[in-house]
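Reading through the structure tokens given below for one structure.
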Amino acid sequence: MAHILIAEDETAINNLIRSNLKLVGHSCAQAFTGPEALELAQSQAFDLVLLDVMLPGLDGFAVKAKLPAGLPVIFVTAKTSLSDKLQGLGLGAEDYIVKPFEVLELLARVEIVLRRGGKSARTFTLD
């Protein structure tokens, strides 16, 4: 199980992502503005951030630049241009998913990033 920050200003999309992540065993925190996302990321330990680019107050690119080093980020955004994708990936994002997206694809991409960090929901330990 991983602790994931969802930074998305559209309430319906934020709740949809949260519901599906919880269904597969993750815990989530929600942010609806850039400053709120940054504050949560600096005050709690997260395993992954799902980050919209077009957040009010501080855009996702600026938030990513200020996040703690080593914190994985997947951009989930409606910004589709190649320059935006390259900017996001150039900032060190693990992935860049364009809206609208398929929830199952998002979950698969989240699992891939978490598996790299050893936080996959499908990891079990027997003592």
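The values are calculated or read from the model by the stated rules, or taken from the named source; none is laboratory data. All of these numbers come straight from a predicted model, not from anything done at the bench. Here the Cβ is made from the backbone with ideal geometry for all residues, glycine too, and neighbour counts use every protein chain on show.
Quick look at the numbers
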quantity: Residue check for L21: closer than 15 Å to A2 by Cα, among the aliphatic types (A, V, I, L, M) and touching a Phe, Trp or Tyr at 6+ places or on another chain (Cβ under 8 Å); calculated: no
quantity: Residue match in region 63-77 (condition: modelled with pLDDT under 95, touching a Pro at 6+ places or on another chain (Cβ under 8 Å) and either not aromatic (F, W, Y) or not in a strand (DSSP E or B) (or both)); calculated: no
quantity: Those residues of region 15-37 which are aliphatic (A, V, I, L, M), free of Cβ contacts under 8 Å to residues at least 60 places away in the same chain and more than 11 Å from L107 (Cα to Cα), in sequence order; calculated: A29, A31, A37
